[in-house]
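Sharing a structure here in structure tokens format.
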Amino acid sequence: MATSAPLRSLEEEVTCSICLDYLRDPVTIDCGHVFCRSCTTDVRPISGGRPVCPLCKKPFKKENIRPVWQLASLVENIERLKVDKGRQPGEVAREQQDTKLCERHQEKLHYYCEDDGKLLCVMCRESREHRPHTAVLVEKAAQPHRKKLQEQRQYIVAEFKQGHQFLKKREQHLLDQLATLEQLLTEGREKFKTRGVGELARLALVISELEGKARQPAAELMQDVSSTQDTRDFVNRYPRKKFWIGKPITHMVKRKTGEFSDKLLSLQRGLRQFQGKLLRDLEYKTVSVTLDPQSASGYLQPSEDWKSVTYTSLYQSVYQHPQQFDCEPGVLGSKGFTWGKVYWEVEIEREGWSEDEEEGDEEEEGEEEEEEEEAGYGDGYDWETDEDEESLGDEEEEEEEEEEEVLESCMVGVARDSVKRKGDLSLRPEDGVWALRLSSSSIWANTSPEAELFPALRPRRVGIALDYEGGTVTFTNAESQELIYTFSATFTGRLVPFLWLKWPGTRLLLRP
């Protein structure tokens, strides 16, 4: 678009005679002519004297240079006019809203005061308050920070690239091991098949020969027997050799397969721990939460600091608050969230949960696995016995005991602030509750129906990561960083921490 004559005239008035560009930080010298500040520094003295004006050749003193604030503002307005001519209506208004101006002078903020850490306009920079300070252009002040950000970006890219390469090598290593196992299994199967076919052929030959002898007349058969030196020699021609029963999978292959399965479990556990740690450390803000006394059920006994709660079998509340859980032993957090990514933890203190108990469980599991391996492949089939039937009956009794233990459990998670609190509640995601239920026997997600979970370790401290905008609630083992379960939903309204406890001898503590 062509520039109008009045605008061209204004452009000539604000053009520096030295650089032939718009006046940048305009200043005036002793003779009254105006140039860019940076251009005046390039004017050299003539023959050792004072510098002279490039237009009128009159000498001037650099200490007499003074800023021309009005011209600086005029240059900005002219530039804005030129840009606005090529824009759609409304774009100018949006840019004006986005552009930050000096609150005092309503001018653009071109400078950064390193002493006060503030953005300055041209007039602020020359004011008595900031003139003694070190002020640089905003872009120049931002360069070190841009460089630092770029370095950090390069570091992140390099770290993730190295991590990708490491995981790729481990992936290839496991795939190579798996291919070796597949080859060993194929070779073993072929050997087993060849040996079995040969054994069947041998037996078929013996059977055919014996059937032929059996069909012989008695005299001919006895003559055949008498032709041998001894009756035993005749019998030895057809020994009662047992049929070969080999193992389709050798002990070595079975052992290596078991070792490979252990590696896969270790890989799964390590990756889940890695995901849980990155989730907490890189994305979420750790918050301190407390319980809401008005929501606590009469079955729960909170601590004085409202950071922990225990279960009592007797309803202790005299006055029932409208926001209180009445039938369900639940309590909500006092702090709610309507945006952001936040993280907190719930510690489960349970009588009888000791390190020795866990080690004992692991030893028993190891002994059971060894017994199964020793059983291996026998020379025949395994049949159920009366003892097995009795053991099945014992297992049914144990299952009944486990069902009784399930009734004693706790729930930790998040809930809508508007969740229903009166009467018998289902406490499901469709009701506004996203939680894990834990007992001494197992862990479940409170889906419909409940989904049983199998983490590598029983969590003593559960990490809860809420991503409100992302619509996820993620649970981790706060000690091992193992990822346990993630709910996905569309959240509306205020979400608060949620605790539910019906487990004598157990206490729930909010951390930190």
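The values are calculated or read from the model by the stated rules, or taken from the named source; none is laboratory data. Everything numeric here is computed off the predicted structure, so don't read it as measured data. Methodologically, a virtual Cβ is constructed for each residue, glycine included, from the backbone with ideal geometry; neighbour enumeration extends over all protein chains shown. Remember, those area values only see protein heavy atoms, side chains included, never the ligands or the DNA or RNA. Shrake-Rupley method; radii C 1.70, N 1.55, O 1.52, S 1.80 Å.
Please work out how much accessible surface Lys341 shows to a 1.4 Å probe, ignoring ligands, DNA and RNA, in Å² rounded to 10.
About 80 Å², rounded to the nearest 10.
Ranked from the most accessible area to the least, with a 1.4 Å probe and all protein chains present, what is the order of His251, His130? Display every interim value, and only then the final one.
On the way: His251 140, His130 10 Å².
Listed by decreasing accessible area, they come as His251, His130.
Another question, if that's okay. Just the accessible area for Ser38, please: 1.4 Å probe, Å², rounded to the nearest 10?
70 Å²
If you don't mind, another one. Rolling a 1.4 angstrom probe over the protein chains, ignoring ligands and nucleic acids, what is the accessible area of Glu452 in square angstrom, nearest 10?
The value for Glu452 is about 90 Å².
Give the ranking of Lys213, Lys285 by solvent-accessible surface, highest area first, calculated with a 1.4 Å probe. Show your work: numbers first, answer last.
Numbers: Lys213 40, Lys285 135 Å².
Of Lys213, Lys285, the descending order of accessible area is Lys285, Lys213.
Give, as a single signed number, the net charge of other residues whose beta carbon lies under 14 Å from the beta carbon of Gln70, with Lys and Arg counted +1 and Asp and Glu -1.
Values: positive: Arg66; negative: Glu13, Asp25, Glu76, Glu107, Glu126.
Neighbour charge sum, excluding Gln70 itself: -4.
Order the following by accessible area, largest value first: Cys327, Cys102. Probe radius 1.4 Å; ligands, DNA and RNA are ignored. Intermediate results must be reported in sequence, preceding the final value.
On the way: Cys327 70, Cys102 10 Å².
Final ranking, largest accessible area leading: Cys327, Cys102.
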